[in-house]
1. Report the Cα centroid-to-centroid distance between region B:201-228 and region B:378-442 in angstrom, as an integer.
2. Can you pull out the buried accessible area for chains B and A, both sides counted, probe 1.4 Å, rounded to the nearest 100 Å²?
3. When DSSP assigns beta bridges and you keep just the ones with both residues in the protein assembly as shown, what percent turn out antiparallel, to the nearest 5?
4. Using DSSP, restrict attention to beta bridges with both residues in region A:93-193 and report what percent are antiparallel, rounded to the nearest 5.
5. With the dipole of region B:332-496 worked out from charges on the C-beta (+1 for Lys and Arg, -1 for Asp and Glu) around the Cα centre, which of B:466, B:368, B:447 lies farthest toward the positive end?
6. Figure the gain on full extension for residue B:128 and residue B:393 (residue separation times 0.36 nm, minus the Cα-Cα span) and round it to one decimal in nm.
7. Here are some pairs, A:280/A:302; B:269/B:297; A:302/B:125; A:153/A:277; B:59/B:125; which of them have Cα atoms lying more than 23 Å apart in this structure?
8. Of all trypsin sites (Lys or Arg not before Pro) in region B:139-216, which ones are in loop regions per DSSP and have a Cβ with at most 16 other Cβ atoms within 10 Å?
Amino acid sequence: MSDIQARLREIARRLLTEGHVRVFIGFGPGFEANRPVPFFAADPDAADRLLLDEFCAAGLARYVLEEVREGPVGLVARGCDGLGLERLLADHRVAREQLYVVGVSCRGVVDPDRACAAAGEEVRAARVNGETVTLITPTAERSFPRSACLLDKCLRCQDPTPRIADVLLGEAIPPGERDLAHVDAVERMPSDERYRFWARQFERCLRCLACRQVCPACNCVSCSLDRPEWLERGTGLAEQFMFHFTRAYHVAGRCVACGECERACPAGIPLGLLNDKFMKDLRDLFGVAAPHRPGDVEPLGKFCPDDPEGWHEGGEGT
Amino acid sequence: MPRIGVVVCWCGHNIAGTVDVTQVTAAAAAMPGVVYAEDYKYVCSEPGQDLIRRAIADKRLDAVVVAACSPSMHEATFRQAAAAAGLNPYRVEIANVREQCSWVHRDREEATVKAVALVQAMVAKARREEPLEALRLPVTRRALVIGGGIAGMQAAMDIADAGYQVLLVEREPNLGGRMAQLSETFPTLDCASCILTPRTAEVARHPRIELLTYSEVREVAGYVGDFRVRIARKPAYVDWDRCIGCMLCQEKCPRKVPSPFERDMGFKKAIGVNFPQAVPNRPVIDREHCTYFEKGKCQVCVRVCPVEAVDFEQRETVREEAVGAIVVATGFDVLAPAEFGEYGYGRYPDVIDSLAFERLNSSSGPTGGVIRRPSDGRVPREVVFIQCVGSRDPDRGRGYCSKICCMYTAKHAMLYRHKVPDGQAYVFYMDVRAGGKGYEEFVQRTVEQAGALYLRGRVARVYPEGDRMLVRGVDTLSGQTVEVAADLVVLATAAVPRGDARELAQLLKVGTDAHGFYNEAHPKLRPVETMTRGIFLAGAVQAPRDISETVAQASGAASKVLALFSQEELVADPLVAVVDETRCAGCFLCRPVCPYQAISTRVAGNREVATVNPGLCQGCGACAVACRSGAMALKGFTDEQILAEVEALCLRTGSPG
């Protein structure tokens with residue numbers, strides 16, 4: 001990774017020096033070595049503080065929305081960031097010429113909490129291999145299965161490499177199939193059990209709206225969930241269901257499966273599971289790819305003249 | 001708080017029989033904002049409307065809720081009544097306590113509770129109402145008629161006779177449509193040509209009808225009063241302005257090909273007209289079969305033409321026209337009976353369809369009007385007619401009755417007997433449907449005077465034996481198996497929509513039924529209108545129908561066009577979508593979901609937002625649903641109003657009053 005990190009700094013420095021971009025979004029050091037944070041390099045020297053390692057967790061696409069208002073933006077993008085950017089582009093929220101995308105392939109981001117628990121001590125560094133992850137602690141270097149180390153969203157990832165990079169650092173990894181197996185377990189539950197399952201999840205919600213703020217599909221100027229006629233401020237179970245169902249419906253057919261909502265949720269609500277359920281239904285009912293590719297015709301966003309109008313009196317299906 | 005009046009209609013027994021209207025009225029009187037509540041036996045009647053008008057004046061009402069039938073029935077009635085009393089007509093709300101309540105419930109108590117809830121919801125909506133102003137649209141007083149058959153010609157004549165310009169577009173090179181292929185017409189047996197050809201000539205020379213034959217509608221934009229239509233004129237490869245219609249080209253053309261007009265039983269030339277009486281009397285070159293287009297040489301037509309009208313270089317031309325109304329009269333097709341293998345159509349030349357039999361009867365047809373069977377030209381001594389081929393057959397996807405076949409089959413049997421006095425006609429039928437003036441009498445004459453043998457039952461198989469066709473079926477009245485050795489078998493195949501009916505419907509944004517026939521706006525009260533304002537239907541494009549019905553409907557469609565043209569400007573419902581630009585994110589998901597292409601882009605400040613053309617918008621609300629941020633609102637059905645309705649319904653605890 002360090003070679004790629006060096007090239008990233010070099011590109012960012014050049015873009016900033018030549019004035020191609022006003023700011024370059026990447027990652028910089030956090031308070032702990034295994035928790036880097038998003039970093040906005042606004043001058044060429046700041047480019048040297050950019051870092052890129054297995055702990056860079058946050059999605060960067062959504063930051064673009066704010067930053068492009070002031071001028072062109074450069075950023076480093078993994079597969080999930082790339083899909084988020086595609087979403088913003090398809091929604092006409094960002095113009096392609098305002099972006100310079102430095103693509104990198106990603107084999108998965110290490111969850112520091114999970115990794116430290118697996119290793120039994122602080123993990124300073126990691127290497128993500130094919131099926132295993134090597135965790136490096138002050139005392140040892142040991143390999144663990146991916147599921148014991150990576151973020152949940154990375155375990156189901158289907159797009160390691162962004163499709164819209166202006167320049168790609170390193171090798172491209174071909175896209176795979178999205179793993180929707182975890183939806184089956186919920187679908188198999190009897191309805192009352194399923195209700196209790198979701199009630200247990202949603203009642204933990206703090207309504208901090210982090211899921212909305214990080215979501216590249218939630219890019220509206222004004223959110224209907226901020227309007228009291230649609231959603232009251234209370235956090236009773238009815239309001240929680242209303243909030244989460246509305247959020248899920250508003251991204252249905254538009255969710256790019258970047259997993260940011262689930263990663264950002266401080267209450268650990270499996271929002272990705274809900275999104276994946278919609279994705280599976282859309283795939284099975286409308287035959288669209290899972291996840292849906294932004295820019296394609298949206299399965300729930302078109303008027304189809306071939307619809308049989310089955311709901312008409314005397315039509316099919318009455 | 002606005003002052004609201006509630007009027008509860010009994011609709012005779014329709015509502016009052018199941019719903020306790022007195023209790024509903026009492027409950028309404030207690031609802032917040034309601035200052036007047038009354039019930040009446042028929043609110044749509046003049047005294048009922050007067051009740052509304054007086055209440056508005058006496059009680060100084062700001063809004064009225066009428067608990068009555070579906071708004072599609074009488075919303076307009078009650079709005080007019082309110083407007084007459086000086087109230088904004090869009091402050092009238094209908095609580096549908098008939099179709100959505102009394103008609104679908106039996107329990108009086110439960111139905112009453114529900115009726116109160118429905119009234120409560122509409123009262124809640126009425127409280128949040130804004131007065132709306134009707135839209136005013138200019139009108140282009142020029143009509144487009146699509147289809148030059150008997151329906152289109154009738155509509156065009158009626159509109160033109162009233163003093164307006166008409167653009168008549170016909171896909172074929174000549175007028176006449178399906179009727180041009182018919183021999184005689186039931187129940188009078190006058191010859192189709194004798195009725196049709198004077199009419200085609202009349203249409204062609206009418207000073208206010210512009211004829212565009214061999215042309216097709218390619219694009220339709222705009223809205224009622226202001227449609228923009230792109231019409232393509234296909235290349236005829238003959239300059240019709242130069243051509244004098246001498247038809248030397250047709251006479252001398254060395255290339256003979258089967259004629260679809262003659263159901264492939266006769267031949268036509270690669271250049272020429274479909275039939276000698278064609279209007280306009282101008283030839284076209286059939287590019288697919290022309291020797292010059294195939295091999296690059298021949299040009300006999302070029303050499304014989306006295307006016308140098310043949311032009312192999314001719315290209316398609318497209319013109320854009322502005323019209324205020326459109327009549328669709330594109331007619332029907334007959335089902336290709338190939339899918340009915342048991343009848344042997346396509347395999348045996350002496351199994352033909354009814355349209356082919358019309359051509360055999362026609363004096364201008366391939367046999368000069370002598371009924372000869374295709375295989376050997378012999379005059380058939382026994383003919384079997386099979387009805388309901390493809391019609392009334394839900395198993396094969398067409399449950400509907402094609403309506404015209406009973407009558408034309410009776411006509412065929414009679415004409416056959418007239419021409420072959422010692423011949424015998426057999427008719428296999430399911431029922432004989434002869435509803436119409438003089439129709440039943442006609443069928444009786446076919447049976448009694450022409451001696452046609454009617455056998456009630458389906459035919460199981462048709463197969464050849466020697467030079468005849470054996471028809472095996474069941475006579476369900478006697479329960480016996482019947483076998484007829486026929487010289488000719490005629491299939492009364494289903495009337496089906498034109499192959500490209502759905503595509504044209506999409507251009508016009510007109511709905512179709514499951515089969516592809518065009519939907520009328522209301523089967524009883526608005527049978528010639530479509531759901532798209534300014535577009536009307538005439539003839540078999542809507543459903544199978546005979547000539548007299550078609551002509552009547554065409555005149556109906558014309559009168560609707562004339563009513564439209566007689567207005568200074570068109571008044572449109574203001575119930576259209578509107579964008580809150582501060583909320584619009586400019587994602588434009590509203591655009592692909594709009595069936596009417598009513599949404600476009602507008603620059604507001606430094607960004608692009610959606611904007612709605614109120615003339616195009618039909619108020620369907622698809623965009624309002626698609627808009628996640630709630631920037632798109634449907635006037636008269638805003639989120640606030642709908643949510644108020646829902647809340648009023650949800651808050652109901654159950655007991656009426």
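The values are calculated or read from the model by the stated rules, or taken from the named source; none is laboratory data. These numbers were taken from a predicted model, which means no experiment stands behind them. Here Cβ is always computed from backbone atoms with ideal geometry, including for glycine, and neighbour counts include all displayed protein chains. Quick note on the areas: whole protein, heavy atoms, side chains included, nothing else; ligands and nucleic acids left out. Shrake-Rupley method; radii C 1.70, N 1.55, O 1.52, S 1.80 Å.
1. 36 Å
2. What B and A bury together is about 2000 Å².
3. Working: 71 of 133 bridges.
Just about 55 percent of them are antiparallel.
4. Numbers: 10 of 13 bridges.
If I count the DSSP bridges inside region A:93-193, around 75 percent turn out antiparallel.
5. Looking along the dipole axis, the top candidate is B:368.
6. Gain in length upon complete extension: 90.2 nm.
7. Working: A:280/A:302 19 Å; B:269/B:297 16 Å; A:302/B:125 30 Å; A:153/A:277 15 Å; B:59/B:125 20 Å.
From the list (A:280/A:302; B:269/B:297; A:302/B:125; A:153/A:277; B:59/B:125), the Cα-Cα distance tops 23 Å for A:302/B:125.
8. Within region B:139-216, the qualifying trypsin sites (Lys or Arg not before Pro) (loop, at most 16 other Cβ atoms within 10 Å) are B:208.
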